[in-house]
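Structure, as structure tokens:
The values are calculated or read from the model by the stated rules, or taken from the named source; none is laboratory data. Predicted, not measured: the structure shown is a model, and the values here were computed from it. Positions of Cβ are generated from backbone atoms using ideal geometry, with glycine treated the same way; all protein chains shown enter the neighbour counts.
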């Protein structure tokens, strides 16, 4: 069996979803695993991972608006030394995913037709985010 | 080591939780893995996975009511071409799980006494949902 | 390849986050796996797992306050035989994680600098919580 790791670095321009499906799929294809499991893990607590529809960009805008409304800035957080967007970012990360696992079947990720893999940036400013990947298969 | 995949197709009757514990456990038992890891991955962005109490059906009713209230229809979403239940479905999927991993110990899933595995349908109409499974062990 | 399981028992003093990073990391170190994957799975539906910042304790206090506000007690739940904190606990568990997977790189968990692994207790009274661990690598 194969067991390999790598780390991707993803530049984010501020709040929102950055699609990483191609970058992840290409790395998986290079491992030549017919059947197995891919795991993604984001090494941060103010950005997260999500799988969402990759067809209509409005889905991403609505998702962003929902989380901005659900977890408002300036809600009397104790943890505010790093700015008003910091504690909301931690909460949004807790409500979404730090890790995701996707079976590999027939050499490809078993993603559905409309599924894309996204880094979900919750901080106001641009960041560089590290996503650790593992393939077993 | 064993490394196997399959895909289950689950019929959902509309919004709510459909238990798949038996179907999943039976497939795992057939793999004859003493110790290892099961991963489930739902190939959709408007349905999701969750592990919940399987004893009192009221838990499912309360959970459904909570999410209906938290993510209301008709909240001015941009993405509405597929109906008023569509964007709330994507948001509810983002708030729950697309993948779940459960250790296998002594040939059985390490589920707690009251834990059941559920497909969480977020769309108003019935659907057929695909869940990809992987066992390594 | 190595494929090992264990179960940790974590005492929780009531609502809040209990860090288990050291306990988990020490067990992983003992498996002598250079590269692979750790999976954690909590065997309960009224407590969950989360990865959060481990530097400022205020983050935990704010996170707890957010979830208490988002999922209030006494909101007319049907499932209330086990007390007013029971159904909110199930909902909070559904909104956070039952399983987490973390790549192992160079013999260590690929956690980011500020990431800690926590058991998130949602019940009012102290509990003993079981977390099943699996390492493949």
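Could you identify the single residue in C:124, C:61, C:89 that is farther than 30 Å from residue B:41 by Cα, under 18 Å from the mean Cα position of the chain (by Cα) and more than 9 Å from every other protein chain (Cβ to nearest Cβ)? Steps first, answer last, please.
On the way: C:61 fails: more than 9 Å from every other protein chain (Cβ to nearest Cβ); C:89 fails: farther than 30 Å from residue B:41 by Cα.
Exactly one residue qualifies, and that residue is C:124.
Collect the residues in region B:102-112 that are within 7 Å of chain C (Cβ to nearest Cβ), assigned to a strand (DSSP E or B) and surrounded by fewer than 24 Cβ atoms within 10 Å (Cβ to Cβ), keeping them in residue-number order.
Result: B:105, single match.
Quick check on this structure: which one of C:61, C:29, C:94, C:89 is in contact with a strand residue (DSSP E or B) (Cβ under 6 Å, 6 or more places away or on another chain) and part of a helix (DSSP H, G or I)? Outline the logic, then answer.
Numbers: C:61 fails: in contact with a strand residue (DSSP E or B) (Cβ under 6 Å, 6 or more places away or on another chain); C:29 fails: in contact with a strand residue (DSSP E or B) (Cβ under 6 Å, 6 or more places away or on another chain); C:89 fails: in contact with a strand residue (DSSP E or B) (Cβ under 6 Å, 6 or more places away or on another chain).
Result of the check over C:61, C:29, C:94, C:89: C:94.
For (1) modelled with pLDDT under 95; (2) within 21 Å of residue B:50 (Cα to Cα), each residue gets a yes or a no:
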residue	(1), (2)
C:22	no, no
C:50	no, yes
C:55	yes, no
C:60	no, no
C:71	no, yes
C:74	yes, no
C:78	no, yes
C:81	yes, no
C:90	no, yes
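What is the residue count in region C:46-58 for residues that are surrounded by 14 or more Cβ atoms within 10 Å (Cβ to Cβ) and assigned to a helix (DSSP H, G or I)?
So in region C:46-58, the residues surrounded by 14 or more Cβ atoms within 10 Å (Cβ to Cβ) come out as C:46-54, C:56, C:58.
Applying the additional criterion that residues be assigned to a helix (DSSP H, G or I) yields C:58.
So the answer is 1.
Considering every residue within region B:34-41, establish whether at least one is over 19 Å from residue B:112 (Cα atoms), within 9 Å of another protein chain (Cβ to nearest Cβ) and in a loop (DSSP other than H, G, I, E, B). Don't jump to the end; show me each part of the working.
In the first step, residues of region B:34-41 are kept if they are over 19 Å from residue B:112 (Cα atoms); the result is B:41.
Remaining after also requiring within 9 Å of another protein chain (Cβ to nearest Cβ): B:41.
Filter again for in a loop (DSSP other than H, G, I, E, B), leaving none.
No, region B:34-41 contains no residue that is over 19 Å from residue B:112 (Cα atoms), within 9 Å of another protein chain (Cβ to nearest Cβ) and in a loop (DSSP other than H, G, I, E, B).
For region A:64-86, indicate whether the set of residues that are farther than 21 Å from residue B:78 by Cα, free of Cβ contacts under 8 Å to residues at least 60 places away in the same chain and within 14 Å of chain B (Cβ to nearest Cβ) is non-empty.
no
Being part of a loop (DSSP other than H, G, I, E, B) and closer than 22 Å to residue C:71 by Cα is the filter here; which residues of region A:64-84 pass it? Outline the logic, then answer.
Taking region A:64-84 and keeping what is part of a loop (DSSP other than H, G, I, E, B), we get A:71-84.
The answer is A:71, A:72, A:73, A:74, A:75, A:76, A:77, A:78, A:79.
Filter region C:1-30 down to the residues that are surrounded by fewer than 18 Cβ atoms within 10 Å (Cβ to Cβ) and either without any contact (Cβ under 8 Å) to a residue 24 or more places away in the chain or in contact with a helix residue (DSSP H, G or I) (Cβ under 7 Å, 6 or more places away or on another chain) (or both) and list them by number.
Selection gives C:6, C:8, C:16, C:22, C:23, C:26, C:30.
As an exercise: evaluate residue C:46 against (1) within 11 Å of chain A (Cβ to nearest Cβ); (2) in contact with a helix residue (DSSP H, G or I) (Cβ under 7 Å, 6 or more places away or on another chain); (3) within 30 Å of residue B:35 (Cβ to Cβ) and give the number of the one condition it does not meet.
Of (1) within 11 Å of chain A (Cβ to nearest Cβ); (2) in contact with a helix residue (DSSP H, G or I) (Cβ under 7 Å, 6 or more places away or on another chain); (3) within 30 Å of residue B:35 (Cβ to Cβ), only one is false for residue C:46: (1).
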